[in-house]
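Quick one: the structure is below, questions incoming.
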Amino acid sequence: MKTILAILVVLVFLLYAKWIFCVLYYPLMAMGAVGQNASNRKLAYVLRFPMRVIEHFLRFGGGRFVLFQIGMIPSVHLRTWLYRGLGVKMGKNVTIHFRTEVRCPERLTLGDGTIVGDNAILDARRGLTMGRNVNLSSNVSIYTLQHDYRDPDFNCLPEDEMKFSVEIDDRAWLGSNVIVLPGVHIGEGAVCCAGCVVTKNVEPYAVVAGIPAKKVSERPRKLRYKFNGKSCRFY
């Protein structure tokens, strides 16, 4: 009987091990996010110290693992609450759908009514800001950092060589499978058609398509729609 009980305990632990880890690790990440934005340098150091020690000595990608698991939680409301706790700046009625991967959440800003479709990659390591009522369809990938193919050690491009942050203005729409590269500014009301690769700034209300994305049309300027954030509680 004891053997069977021990086996059951081990099986249950293995089944829920990743969630146990997430529950234990999340508070450290939340403290680090608060420290990242703290104006008091001493307070910032104290709050970020546990994460710094763990990342320095273990280097096991625990934070990335937790962020990935948050994206797998089948509840829009719970995902939103957890992302806020990690420093994501969100307006009202924001919806982040299933399987979204967020990198460096404390540098991500989402305006009122913004919708992030499923399977999105939001790389905010150098800053990612979206305005109000932005719509990201499925499988959109946005990057704010990349390697330098000219570098002998394949390091990332230095901060002073180019602007890395990405800005997406109000009511822009990114279709399915769009890829946005570092340093891009997508203007208000612009449309990036499905499958395009955005390598340069997109002017307001322009419709771009292709690889690389080029202007093919324009959108009406009198846009007034607002997303209300209503979504089913699960997914």
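Only the coordinates and a few stated rules stand behind these numbers; no lab work does. The shown structure was predicted, so the numbers you read here are calculated from the model rather than taken from an experiment. Every residue, glycine as well, gets a Cβ built from its backbone with ideal geometry; the counts of neighbours run over all protein chains shown.
Are any of the pairs K18/K226; K89/K200; K163/K215 more than 28 Å apart by Cα-Cα distance, and if so, which? Working shown, then result.
Values: K18/K226 38 Å; K89/K200 25 Å; K163/K215 22 Å.
Over 28 Å apart, Cα to Cα: K18/K226.
Of M1, M29, M130, M90, how do they rank once you tally other Cβ atoms within 10 Å and put the fewest first?
Details: M1 5, M29 24, M130 28, M90 17.
Going from least to most buried by this count: M1, M90, M29, M130.
Separate question: Quickly estimate the mean residue ellipticity at 222 nm for the chain, helices only: each DSSP H run with n ≥ 4 gives -39500 (n - 2.57), and the total goes over all residues, rounded to 500.
That comes out to -10500 deg cm²/dmol.
To the nearest 20 debye, what charge dipole does the chain have about its Cα centre, counting +1 at the Cβ of each Lys and Arg and -1 at the Cβ of each Asp and Glu?
With Lys and Arg at +1 and Asp and Glu at -1, about 780 debye.
Then there's this: Specify the inter-centroid distance of segment 8-25 and segment 196-226, based on alpha-carbon positions, in whole Å.
46
Cα gyration tensor of segment 75-229, axes a ≥ b ≥ c as square roots of the eigenvalues: rounded (a/c below 1.5), prolate (a/b > b/c) or oblate? Write out the running numbers ahead of the final one.
Details: a/c = 1.84, a/b = 1.12, b/c = 1.65.
Verdict is oblate for segment 75-229.
Continuing with the same structure: To make sure I understand, if each residue's beta carbon is the centre and we count other beta carbons within 10 Å, what order do D151, D170 fall in, fewest to most?
Ranked by crowding around the Cβ, least crowded first: D151, D170.
With springs connecting C-alpha atoms under 10 Å apart, model the chain as a Gaussian network and identify which of R221, R107, R125 has the largest mean-square fluctuation.
Maximum fluctuation in the GNM of the chain, among the listed residues, is at R221.
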